[in-house]
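The values are calculated or read from the model by the stated rules, or taken from the named source; none is laboratory data. Worth saying up front: this structure is predicted, and the values here are computed from it rather than measured. Cβ atoms come from the backbone with ideal geometry, glycine included; neighbour counts cover every protein chain shown.
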Amino acid sequence: MDGHNLLDGKTGVIFGALNEESIAWSIAQACNREGAEFALSNAPVARRFGSLDDLAEETSSPIIWADATDDDELETLFEEVKDTYGSIDFIVHSIGMGVNVRKDVPYQDLNYDWYKKTLDISAISLHRIVHHALSTDAIADGGSILSLSYIGAKRIFSKYSEMGDAKALLESITRAFGYRLGDRGIRINAISQSPTKTTAGSGIDGFNAMYEFADRVSPLGNADAASCSDYAVTLLSDYTRMVTMQTLYHDGGFASMGISDAIVEAMEETADGGKRDPDDE
């Protein structure tokens, strides 16, 4: 897709890009296409198994390694961002990890230390990032803050486990900050994205089934990372300057669906042992 200069002259920070499968990676590419300049950030541990250097070279962006659960590192990050860009216009939060999910611990038996770590990484990190962006005067009036969520924040997906709690907290933080940032014209929103085949998503037990189910139910099918990044660009642009405190569904229509013909047919085939009566066609 050709760029339209939607972010021409804007600067920001994008958290969470790991490799080409990451939604944050696609968002960075889209922001670059639309004329933005930005810093990339991820936790130092991501150096060992990610390829962020490649994205930095592609988009001519600096990398600032920082643990989003560490206040000192975030403060240092935003001071460095200010030295590079002055005040910035946008922040993208695409950070998440379910420790119990990855270790296949049932929800009713959660390890609470891991549970706290999940909430800290996946949700409280958004609060920390916004707090330090404000305390260092790094974000400009009229800026935009965007995070990535999933409908598991509102509905039960059995294998999503503790991550449903984390995304619910993320969306609550989005609303709470939206009220408090309004007097500066800063808006904050979350995109509730389709299941996406990222490194983190694919680590969830049963992910392929979740992906296939959503794809069959959604009228438009699952939204991929590239289309999500196009949507994200609009939310970082001035065209959405009056949109805030929202969880915005980008899921091919899944959130408004109950059941689809594809699911009905699949269930009937299962119930019939794979045999269909021609008279029922």
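Quick notes on this structure:
- Residue match in the stretch 12-29 (condition: in a helix (DSSP H, G or I), surrounded by 15 or more Cβ atoms within 10 Å (Cβ to Cβ), in contact with a Cys (Cβ under 6 Å, 6 or more places away or on another chain) and not basic (Lys, Arg)): yes
- Within the stretch 31-49, the set of residues being at pLDDT 95 or above, surrounded by fewer than 24 Cβ atoms within 10 Å (Cβ to Cβ) and among the hydrophobic types (A, V, I, L, M, F, W, C) comprises 39, 40, 43.
- Residue under evaluation residue 259, criteria (1) modelled with pLDDT of 95 or more; (2) not in a helix (DSSP H, G or I), criterion not met: (1)
- Among the residues here, residue 221 qualifies as in contact with a helix residue (DSSP H, G or I) (Cβ under 6 Å, 6 or more places away or on another chain) and surrounded by fewer than 18 Cβ atoms within 10 Å (Cβ to Cβ).
- Complete set of residues in the stretch 180-217 that are outside any helix (DSSP H, G or I), touching a residue at least 60 places away in the same chain (Cβ under 8 Å) and out of contact with any strand residue (DSSP E or B) (no Cβ under 6 Å at 6 or more places or on another chain): 194, 196, 197, 198, 203, 204, 205
- Scope the stretch 59-83; condition out of contact with any helix residue (DSSP H, G or I) (no Cβ under 7 Å at 6 or more places or on another chain), part of a helix (DSSP H, G or I) and without any contact (Cβ under 8 Å) to a residue 60 or more places away in the chain; matching residues: 72, 73, 76, 79, 80, 82, 83
- Across the stretch 206-217, the qualifying residues are those that are out of contact with any Ser or Thr (no Cβ under 7 Å at 6 or more places or on another chain) and surrounded by 15 or more Cβ atoms within 10 Å (Cβ to Cβ), and the one among them that is modelled with the lowest pLDDT is 207.
One line per residue, one yes/no per condition, for (1) within 19 Å of residue 173 (Cβ to Cβ); (2) within 18 Å of the chain's Cα centre (by Cα); (3) of a type outside the set (Val, Ile, Thr):
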site	(1), (2), (3)
35	no, no, yes
42	no, yes, yes
47	no, no, yes
55	no, yes, yes
84	no, no, no
110	no, no, yes
120	yes, yes, yes
127	yes, yes, yes
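- Lone unmet requirement of (1) outside any helix (DSSP H, G or I); (2) surrounded by 15 or more Cβ atoms within 10 Å (Cβ to Cβ) for residue 104: (2)
- Test: residue in the stretch 47-66 that is farther than 25 Å from residue 230 by Cβ and of a type in the set (S, T, N, Q): no
- In the stretch 66-115, the residues that are among the acidic types (Asp, Glu), modelled with pLDDT of 95 or more and farther than 23 Å from residue 7 by Cβ: 67, 70, 71, 72, 73, 75, 79, 109, 113
- Within the stretch 218-243, the set of residues being part of a loop (DSSP other than H, G, I, E, B) and within 28 Å of residue 5 (Cβ to Cβ) comprises 220, 223, 224, 237, 241, 242, 243.
- Flag if residue 167 is in contact (Cβ under 8 Å) with a residue 24 or more places away in the chain, outside any helix (DSSP H, G or I) and over 30 Å from residue 84 (Cβ atoms): no
- Residues of the stretch 113-158 classified as surrounded by 22 or more Cβ atoms within 10 Å (Cβ to Cβ), β-branched (Val, Ile, Thr) and in a helix (DSSP H, G or I), total: 3
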